[in-house]
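Asks: Shown below is the structure under consideration.
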Amino acid sequence: MADPMKIRASAKDGITEVKVLMSHEMETGQRKDSSGNLVPAHFITELSAEHNGKQVLAAQFGTAVSKNPYLAFKFKGGAKGDKLAVSWVDNKGDKRTDEVQIN
Amino acid sequence: MNMQRREALKAGGGLGLFGLLAAAGLITPGQARAEWNKSAFDAKSIEDTLKALGATGAQSSTDIQITAPDIAENGAVVPVGVVSALAGVEAIAILIEKNPNPLAASFMLPAGTEASVQTRVKMGQTSDVIAIVKAGGKFIMTKKEIKVTLGGCGG
Amino acid sequence: MSTRLPAVLAAVGFGLAGTAIAQGSTMDEIAKYREMLADGNPAELLELKGESLWKTPRGPKNASLEQCDMGLGPGKLDGAYAQLPRYFADTRKVMDVESRLVHCMVSLQGFQYEDVTRQWFSRPGKESEIEALVTYIGGKSNGMKIDVPARHPEEARMAKVGEYIFYRRSGPQDFSCAICHGQDDKRIRLQDLGNLTTQAGAGMAMSTWPSYRVSQGAVWTMQRRLIDCMRQARWPEPKYLSDSVIALQVYLQKTASGTVMQTPGIKR
């Protein structure tokens, strides 16, 4: 099972700033393991962020996004206590959703 | 996270993320976007990537800034941000010219989301990083060279 | 001495900084790079993972680590890292955070020593529970001052041993820790080497470990840092959790005492 994300969302002057760290290997499919075999590609492909259920960002990733992907973005609106959820799915169908309250 | 939603997420095998989210009631179907753009991520040249993104002919513009250090200590983790002051930015893409597949990530910004995203990418070697922005239906781009002191391929 | 260092380092294959690119601006850009990574330090994920490892009942005894005594009493983690290594009456040993943690995993959770220490550091595709737990424990001392006065006779003895090891020259290159870390303003490959013999230098170093190492894409614990430095000194590598490594930590933490902890750090 995928490990939790770390999400920080803070509202200030009418703008909410979101910073997300995801726990994922983001294997390129080009790395060899210690016995010389290629490690199959395993990476997050799609991500979505929702503020109180309304989408505020959609992203698509390739294998060039770093291990343990980081993402920061900003949107208008959002108040302390509102819900901010981030979901991702990877190329093997693993997925994860985490939710925080904006502070 | 409520149980029902988790079940829905679990149940949705081949739906793709946005199908799943719609099924889980997390987003309304109207918000669901395109499937993962395989041809763009598989493209091996800037030209082919632009084509797959529908961005052929993107004009160079000073209305986009790439925020990144000039030098990255480790190519496996290179912070790259893209900011634009233009109104009506709908999408942003980050390309690494010298990577085997240039497209690293693309972002779709619903109305109300600022044209400001930051992520971290892998770079096999010193290369131009290209940011493409779609605003008001038009594509524009800018680039910045980032030097890499330690190659980052293979993760 | 000061002219000898670059020669010695060049001799063992360290590239010294700054021929191709102007060093000042390079240092600025590297600082900018690290700053951008510090906001959203990848180590914060390990901290989360460490927290769940700490709180989840595991092992043959199906116990969590919440009764583990890191020096301030069972389950008391706030400030514990900043006061380690210290003497523990139950084991009659001076222990650092890692040896104490392993002790708890063995005694409370019933794991075999060999099993818990096998993956004492991570490799690509292989996570290390110890790294995650130490990162979590380190974070619980943030904002607190390092406080290792080494007053207990055993702690005082270990501090002395550590100091002795720090200055002792040995190995095929006749290296000591002090050759690389005993002066101000030394640097190897754009990495400032603090003077670990001063409170400021040791403080800057010790207060930021465990640290995410950009060049490794992984968090390193202090055991790993020191064992790797012994390798760099061309000394025989000590075993994980060796007394020599703990002694060096007592010496360094004692020197660093008074510095406010800020982990996980971010380093080359």
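All of the numbers you see were taken from the coordinates with simple rules; none came from a lab. This one's a predicted model, so the numbers in the text were calculated from it and none came from an experiment. Don't worry about glycine lacking a Cβ; one is built from the backbone with ideal geometry, like all the others, and counts go over all protein chains shown.
Asks: Under the rule of at least 5 residues apart or a separate chain, name every residue whose amide H is placed under 5 Å from the amide H of A:Glu46.
Replies: Result for A:Glu46 returns A:Phe61, A:Val89.
Asks: If you take every residue apart from A:Arg31 with its C-beta less than 14 Å away from the C-beta of A:Arg31, what net charge results, scoring Lys and Arg +1 and Asp and Glu -1?
Replies: Spelling it out: positives minus negatives among the neighbours equals +2.
Asks: Let me ask you something else. How far, in degrees from 0 to 90, does helix C:222-232 lean away from the longest principal axis of the Cα atoms of chain C, to the nearest 10?
Replies: That works out to roughly 40 degrees.
Asks: State, as an integer percentage, the relative contact order of chain C based on alpha-carbon contacts under 8 Å between residues 6 or more apart.
Replies: Answer for chain C is 23 percent.
Asks: Principal axes first, then extents: for the Cα atoms of the stretch C:25-267, list largest minus smallest coordinate on each axis, whole Å, largest first.
Replies: 52, 42, 34
Asks: Check C:Ala63: other-chain or 5+ apart residues with amide H under 5 Å from its amide H, H built from backbone geometry?
Replies: C:Arg58
Asks: Run lengths n ≥ 4 of DSSP H only: what is the helix-derived mean residue ellipticity at 222 nm for the protein assembly as shown, with -39500 (n - 2.57) per run over all residues, to the nearest 500?
Replies: Helices in the protein assembly as shown give a 222 nm mean residue ellipticity of -8000 deg cm²/dmol.
Asks: Semi-axes, largest first, in whole Å: what does sqrt of 5 times each Cα gyration tensor eigenvalue give for the stretch B:37-152?
Replies: 22, 16, 12
Asks: When the Karplus curve 6.51 cos²θ - 1.76 cosθ + 1.60 is applied with θ = phi - 60°, which whole-Hz ³J(HN,Hα) does each residue of the stretch C:116-129 get, with x for Gly and Pro?
Replies: 6, 8, 4, 9, 6, 9, 7, 10, x, x, 10, 6, 10, 5
Asks: What does the charge count near A:Phe75 come to, summing +1 for each Lys or Arg and -1 for each Asp or Glu among other residues with Cβ under 10 Å from its Cβ?
Replies: Neighbourhood net charge equals +1.
Asks: Return the long-range amide H neighbours of A:Val56 (sequence gap of 5 or more, or a different chain), with a cut-off of under 5 Å between placed amide H atoms.
Replies: Hits under the 5 Å cutoff: A:Ala49, A:Glu50, A:His51.
Asks: Take the residue pairs A:Lys67/B:Lys143; B:Lys147/C:Lys267; B:Lys51/B:Lys98 and return only those whose Cα atoms are more than 22 Å apart.
Replies: Table pairs above 22 Å Cα-Cα are A:Lys67/B:Lys143.
Asks: Taking just the alpha-carbon atoms of the stretch C:40-145, what radius of gyration and Dmax come out, in angstrom?
Replies: Computed over the Cα atoms of the stretch C:40-145, radius of gyration and Dmax are 13.2, 40 Å.
Asks: Using the Karplus curve 6.51 cos²θ - 1.76 cosθ + 1.60 with θ = phi - 60°, what ³J(HN,Hα) values do you get for each residue of the stretch A:43-53, in whole Hz, with x for Gly and Pro?
Replies: Computed from phi, the couplings for the stretch A:43-53 are 8, 5, 9, 9, 9, 9, 10, 10, 9, 6, x Hz.
Asks: If you plug each phi of the stretch C:79-94 into the Karplus form 6.51 cos²θ - 1.76 cosθ + 1.60 with θ = phi - 60°, what whole-Hz ³J(HN,Hα) values come out, in order, with x for Gly and Pro?
Replies: Rounded to whole hertz, the list is x, 5, 4, 5, 10, 10, x, 8, 7, 10, 5, 5, 10, 6, 9, 7.
Asks: Loop-only check: which trypsin sites (Lys or Arg not before Pro) in chain A are DSSP coil with at most 15 other Cβ within 10 angstrom?
Replies: Filter output for chain A: A:Lys80, A:Lys92.
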